[in-house]
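In what follows, a single structure is set out as structure tokens and then discussed.
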Amino acid sequence: MIRDRKWAEKKAKELVAKMSIEEKASQLRFDAPSIDRLNINEYNWWNEGLHGLARAGVATMFPQAIALAAMFDRDMMEKIADVISTEARAKYNTSVEYGDRDIYKGLTIWSPNINIFRDPRWGRGHETYGEDPYLTGELGSAFVKGLQGDSKYLKTAACAKHFAVHSGPEKDRHHFNAEVSDKDLWETYLPAFEKLVEKAQVESVMGAYNRTNGEPCCGSNFLIKEVLRKKWDFKGHFVSDCWAVRDFHQHHKITANAEESVALALKSGCDVNCGCTYQYVMSAIEKGMISEEDVSSAAERLFTTRFLLGEFEDNPYNSIGYDEIESKEHVELSIESAIKSSVLLKNDGILPLDKNKVKSIAVIGPNANSRAALIANYHGTSSRYITLLEGIQDEVADTDIKVNYSIGCHLSRNRVEDLAKPDDRLSEARAAAYNSDLVILSLGLDESLEGEEGDDGNSYCSGDKDDISLPQSQLRLLDAMIDTGVPIILVLQAGSCIDLTKADSSVNAILDAWYPGARGGKAIADLLFGKRSPSGKLPITFYNTLDKMPKFEDYSMSGRTYRYADSDTILYPFGFGLTYNQLELKNVCIKKIDNNHNYEAKVCVKNNGNFVQDEVVQIYLKDESKEGVKNYKLVAFEHVSVESKSDKTFDIVIPSTSFEAIDENGNKGIFNNKFSLSIGFSQCDEKSISLMGIEPVKVEIEL
């Protein structure tokens, strides 16, 4: 919907006009104080909802963002975000009732993270929707719509972050300058933000810590004023990342003091400061660095959002009550999303498991009974957790199947106890394996091994990875399990690309469950035992080496992601994921639907298997012009569901923007009139075709 904001802008302007300059300045802080004489309550702008309402107690915990991306499902993304906004309203209403307006209780949700996961070493990559700008923009837009609702009032205010060109290194983010070409900027790093602003009407945008081409992102004339405000006509408010404005003078060294940093940020259009630097707004005014008009403009944008949230009048969301928090329906949606997001990477026929043919199962590995492997970062608190071990135990509870368990090793060789006794659990793991019919081996990472760089608010996180290998302790465990000769099903719980070359050649099946949320163990068990068939697709490329990839600090897209990588570096391609069924495409037809180069693909999906099957029809385009990307690019997709032994026809729009490319100067246009389209359940590269066993349909188009 096109939300009318004129009434809110008018009310905001009238209210701000009644404030003194000191009162206006106070409202630009993330922890804005009350103004009692104007009946304005204190408001804290900082709240999180990346994959469930976070940091404010009990809430429904969904799989991590990278897992949600693996669903390739716009409708599910919107439903999940709607649940998050419902629980945010419930928390807000309840907190206000008890006089609590503190941090993480507000209605401004600082999600989604739509940065491009360009390099698998980035620790925060699992907060994103993967490596593809088109997929990120589509899923991010759906998430924003779910958070913001479709009424006169915003249900919550979403925030697109981190604007822009931001994806590590974490340890350098407070002083780093990301240098990017015009082509990469407009082809890779900005499209998702543009879509969320223009298509989804996201209410706020958060700046990044780093500089981009010399300008600090939270004080960038180019990014904020020229692109966001002028080119894209963004009407909402802009928020700094936390303590990023302080970085201007302390780390970037582009200003001399706090007042200069305030002036740069505010004049560039940064409305609210997460941090402490805007405490110097009055000092900057007194020194003539900024004007009262600068402060008023920012305050008006902020109060426009608060009016749109219905803070100052009755609105339909005020009736949302505490009973919505972690409701039965919300928990069921969380489990469903964990099922749909899991990606089957290999299966020699061992899956699904038949309870009638299994007498004993060994569940082994550092993530098998780990709650940390469920939750990822920016998480809430669940009233119940179901680990992989618990999910399997629950699933076979009514049978005579024996479940043997061993942690096998510690998560990482860097742990003190692992250094002291690196193989202290291997003998137990071997015993469990030898006394079982099969091994379910749970390896991977958690937020202590890939996450956000430690700062004032996140002291527990470690940041980026050095490489894509499993920790040595886990590689030793994998070798030990392979040596037993017992069939192995590897369940990976991590948020990024892991080199699984050895596992791929040695184990019977691999299921990537990501960080699956609080009840993730149940979802994994449902998949392993065939209650559901996997349907997830990789939103990132799994590499077998980083040798051909540029340095982490290099923001060039050369050699990065499926659009530019060399095929010999890829283990599992973007868009890849197996199922228990064999589906096929029939009667594929492409037709032009208007004179603006918009096309429509009509495809019949036939399910020959015994399971109801969700699948993702993926359409890729190859542009042979020099402006086109090196390989194919995703231009359309549709998450579909087909009953067993039946078929169903779907219409998928291929928008005219699919044929556009970006030249070296950052100019967008159609530079070719002949294109090749690939329609299938994966990419059309040789690796995808060999792994899937299905050849996509290719269609040539001439505009």
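The values are calculated or read from the model by the stated rules, or taken from the named source; none is laboratory data. Fair warning: this is a prediction, and the values are worked out from it, not measured in the lab. All Cβ positions, even for glycine, are placed from backbone atoms using ideal geometry, and neighbour counts span all protein chains on display. We work out accessible area using only protein heavy atoms, side chains counted, and drop any ligands, DNA or RNA first. Shrake-Rupley method; radii C 1.70, N 1.55, O 1.52, S 1.80 Å.
When only C-alpha pairs under 8 Å and at least 6 residues apart count, what is the relative contact order of the chain, in percent?
Relative contact order of the chain: 15 percent.
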In whole Å, how far is the Cα centre of segment 77-140 from that of segment 539-580? 26 Å
Using the structure shown, select from K537/K630; K91/K522; K355/K465; K105/K633 the pairs with a Cα to Cα distance greater than 31 angstrom. K355/K465; K105/K633
Let me spell out the model: positive unit charges on the Cβ of Lys and Arg, negative unit charges on the Cβ of Asp and Glu, origin at the Cα centre of the chain. What dipole size does that give, in debye rounded to 20? 720 debye
For K230, which aspartates and glutamates qualify as cross-link partners when the Cα separation must be under 13 Å and same-chain residues fewer than eight apart are set aside? E194, E198
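Whole number please: convex hull volume per residue of the Cα set in segment 542-684, in Å³?
Roughly 119 Å³ of hull volume per residue.
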Which of the listed residues, V491, I339, I468, is farthest toward the dipole's positive end in the chain, when Lys, Arg count +1 and Asp, Glu count -1 at the beta-carbon? I339
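Could you work out how much longer the chain between N544 and I689 gets when fully extended? Use 0.36 nm per residue separation minus the Cα distance between them, nm to one decimal.
That pair, N544 and I689, stretches by 50.4 nm at full extension.
Calculated FRET efficiency, T94 and E42, Cβ-Cβ r, R0 25 Å, to nearest 0.05?
0.90
At R0 = 25 Å, how high is the FRET efficiency between I21 and D314 if r is their beta carbon distance? Nearest 0.05 is fine.
Between I21 and D314 the formula returns 0.20.
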Once R0 is set to 30 Å, what does the formula 1/(1 + (r/R0)^6) return for the Cβ-Cβ distance between N598 and S151, expressed as a FRET efficiency to the nearest 0.05? 0.50
Quick one: ranking I254, I290 by accessible area, 1.4 Å probe, largest first, what do you get? I254, I290
With +1 on each Lys and Arg Cβ and -1 on each Asp and Glu Cβ, how big is the dipole of segment 520-621 about its Cα centre, in debye rounded to the nearest 20? 340 debye
How far apart, in nanometres, would the label points at S644 and S469 be if each is projected 7 angstrom from Cα along the Cα-to-Cβ direction? 4.5 nm
Segment 208-271 and segment 606-654 have their Cα centres apart by a whole-number Å value of 40 Å
Eligible aspartates and glutamates near K626 by straight Cα distance, threshold 13 Å, same-chain separation 8 or greater: E660, D663, E664
Across K11/K152; K591/K622; K346/K402; K531/K645, pairs whose alpha-carbon gap is larger than 20 Å: K346/K402
So what is the relative contact order of segment 318-408, in percent, for Cα pairs below 8 Å that sit 6 or more residues apart? 37 percent
Grab the other residues whose beta carbon is less than 12 angstrom from that of M19, score K and R as +1, D and E as -1, and report the net. -1
Net charge of Cβ neighbours under 14 Å - reference G669; Lys, Arg +1; Asp, Glu -1: -4
Round to a whole angstrom and tell me the spacing of the C-alpha centers of segment 153-194 and segment 289-338. 23 Å
Name the long-range amide H neighbours of I361: under 5 Å, sequence gap of 5 or more, or other chain; modelled H, no Pro or chain starts. K402, V403, N404, D437
Going down the list K199/K340; K548/K687; K145/K195; K225/K253, which pairs span over 20 Å between their C-alpha atoms? K199/K340; K225/K253
Treating the chain as a set of equal point scatterers at the Cα positions, no solvent, please give the Debye-formula log₁₀ I(q)/I(0) at q = 0.07, 0.11 Å⁻¹. -0.47, -1.15
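Filter the GluC sites (Glu not before Pro) in segment 15-79 down to the DSSP loop ones having no more than 15 other Cβ atoms within 10 Å, then list what survives.
The qualifying sites are E42.
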Long-range amide H contacts for I40: which residues qualify at under 5 Å (H placed 1.01 Å from N, peptide plane, sequence gap of 5 or more or a different chain)? I35
Descending accessible area (1.4 Å probe), largest on the left, turns T387, T94 into T94, T387
For a label point 7 angstrom out from the Cα of K630 toward its Cβ, which stretches of segment 162-185 have the backbone nitrogen within less than 14 Å? 184
Quarter of the surface of the C-alpha convex hull for segment 82-237, i.e. direction-averaged projected area in nm², equals 9.7 nm²
With +1 assigned to the C-beta of every Lys and Arg and -1 to the C-beta of every Asp and Glu, and no other charges, what is the dipole magnitude of segment 1-59 about the Cα centre in debye, to the nearest 20? 320 debye
Length added when fully stretched, K586-E428, from 0.36 nm per residue minus Cα-Cα: 51.8 nm
Of I670, S360, G219, whose Cα points farthest to the positive end of the dipole of the chain (charges on the beta-carbon: +1 Lys, Arg; -1 Asp, Glu; origin at the Cα centre)? I670
Would you work out which of Q279, L634, G57 lies farthest towards the positive end of the dipole of the chain? Charges go on Cβ: Lys and Arg +1, Asp and Glu -1. L634
Nitroxide proxy distance, nm - points 7 Å out along Cα→Cβ at Q250 and V699: 5.5 nm
Relative contact order, percent, segment 358-416 [alpha-carbon distance under 8 Å, six or more residues apart]: 58 percent
Cβ neighbours within 10 Å, averaged per peptide: list 631-643, 296-308 in order, most packed at the top. 296-308, 631-643
Long-range amide H partners of V588 with built H, under 5 Å: C604
Of K551, K522, which has the most accessible area with a 1.4 Å probe, and how do the rest follow in descending order? K551, K522
Trypsin sites (Lys or Arg not before Pro) within segment 1-32: DSSP coil, no more than 14 neighbouring Cβ in 10 Å: K18
